[in-house]
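Inspection log for the structure reproduced underneath, given as structure tokens.
The values are calculated or read from the model by the stated rules, or taken from the named source; none is laboratory data. Every value quoted in this text rests on a predicted model; they were computed, and no experiment measured them. Cβ placement follows ideal geometry from the backbone for every residue including glycine, while neighbour counts extend to all protein chains displayed. These accessible areas exclude ligands, DNA and RNA; they are computed on the full protein's heavy atoms, side chains included. Shrake-Rupley method; radii C 1.70, N 1.55, O 1.52, S 1.80 Å.
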Amino acid sequence: MNTSTISPKELYEKMQAGLGIVLIDVRTPGEYREMHASGARNIPLDTLEPVKLLEELGTKDATVYMICRSGGRAAQACERITAAGWTNVCNVLGGTLAWEMAGLPVDRNDKVTMSLERQVRIITGLLVLVGSLLGFFVHPYWIALPSIVGGGLVLAGLTNTCGMGVLLAAMPWNRLK
């Protein structure tokens with residue numbers, strides 16, 4: 001099994017050469033709608049199924065390129081695909097942010113939706129703020145709320161997965177209609 005990386009410019013050169021590139025953006029549909037690398041198709045990480053992808057492509061030998069916002073979710077997608085026996089899976093280094101910074105073509109949507117990362121930050125901050133205020137003004141037991149959120153952040157950092165992100169990704173506003 002071969003999981004490798006490629007720079008956005010190298011991948012774009014391959015696309016320009018007319019090679020049959022399969023570029024999969026594993027972000028949520030809302031993030032994908034906001035902006036994505038031209039030529040990428042959206043299969044969110046939580047719905048990525050190697051068997052369905054195999055049925056669609058017809059072979060595990062085709063190189064599949066994974067991209068997300070900055071590379072973390074794409075790396076998880078690569079791991080999932082290689083665990084299913086795929087031989088050529090490649091993570092686009094730096095993700096869509098690096099793709100855009102390299103001046104490569106992106107597709108944008110005028111109807112801007114909030115990124116999943118931003119949603120997580122807002123809700124996390126809100127839970128910490130509310131828990132702290134309730135703990136100070138109502139009852140000290142409320143201090144448990146920011147403590148639990150802090151523990152969740154530590155766990156997310158250690159495992160490179162975010163439970164709140166997974167929950168938010170399943171919300172209707174983060175799904176394609």
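What is the residue count in the range 83-106 for residues that are open to solvent by less than 40 Å² (accessible area, probe 1.4 Å), in contact with a strand residue (DSSP E or B) (Cβ under 9 Å, 6 or more places away or on another chain) and at pLDDT below 90?
1
Within the range 1-60, track down each residue that is acidic (Asp, Glu), part of a loop (DSSP other than H, G, I, E, B) and within 18 Å of residue 108 (Cα to Cα).
Once the filter is applied, which keeps residues that are acidic (Asp, Glu), part of a loop (DSSP other than H, G, I, E, B) and within 18 Å of residue 108 (Cα to Cα), the range 1-60 yields nothing.
Determine whether residue 114 is in contact (Cβ under 8 Å) with a residue 40 or more places away in the chain, open to solvent by 50 Å² or more (accessible area, probe 1.4 Å) and either within 20 Å of residue 162 (Cβ to Cβ) or part of a loop (DSSP other than H, G, I, E, B) (or both).
yes
Here's a check for you: in the range 61-72, which residue that is in a loop (DSSP other than H, G, I, E, B) and hydroxyl-bearing (Ser, Thr, Tyr) is modelled with the lowest pLDDT?
So the first thing to find is which residues in the range 61-72 are in a loop (DSSP other than H, G, I, E, B), and the list is 61-63, 68-71.
Still in the list and also hydroxyl-bearing (Ser, Thr, Tyr): 63, 70.
Working: 63: 87, 70: 91.
Checking each candidate, the answer is 63.
Quick one: in the range 6-63, which of the residues that are of a type in the set (Ser, Thr, Tyr) and crowded, with 17+ Cβ neighbours inside 10 Å is nearest to residue 170 (Cα to Cα)? Give the derivation first.
From the range 6-63, those of a type in the set (Ser, Thr, Tyr) are 7, 12, 28, 32, 38, 47, 59, 63; that's our starting set.
With crowded, with 17+ Cβ neighbours inside 10 Å added as a condition, the list becomes 12, 28, 32, 63.
Values: 12: 31, 28: 9, 32: 15, 63: 28 Å.
Ranking the qualifying residues of the range 6-63, first place goes to 28.
Yes or no: residue 96 of a type in the set (S, T, N, Q), within 19 Å of residue 9 (Cβ to Cβ) and either in contact with an Asp or Glu (Cβ under 9 Å, 6 or more places away or on another chain) or without any contact (Cβ under 8 Å) to a residue 12 or more places away in the chain (or both)?
Yes, satisfied.
Given (1) small (Gly, Ala, Ser); (2) in contact with a Leu (Cβ under 7 Å, 6 or more places away or on another chain); (3) exposed (fewer than 14 other Cβ atoms within 10 Å of the Cβ), identify the lone condition not met by residue 77.
Against the list (1) small (Gly, Ala, Ser); (2) in contact with a Leu (Cβ under 7 Å, 6 or more places away or on another chain); (3) exposed (fewer than 14 other Cβ atoms within 10 Å of the Cβ), residue 77 comes up short only on (3).
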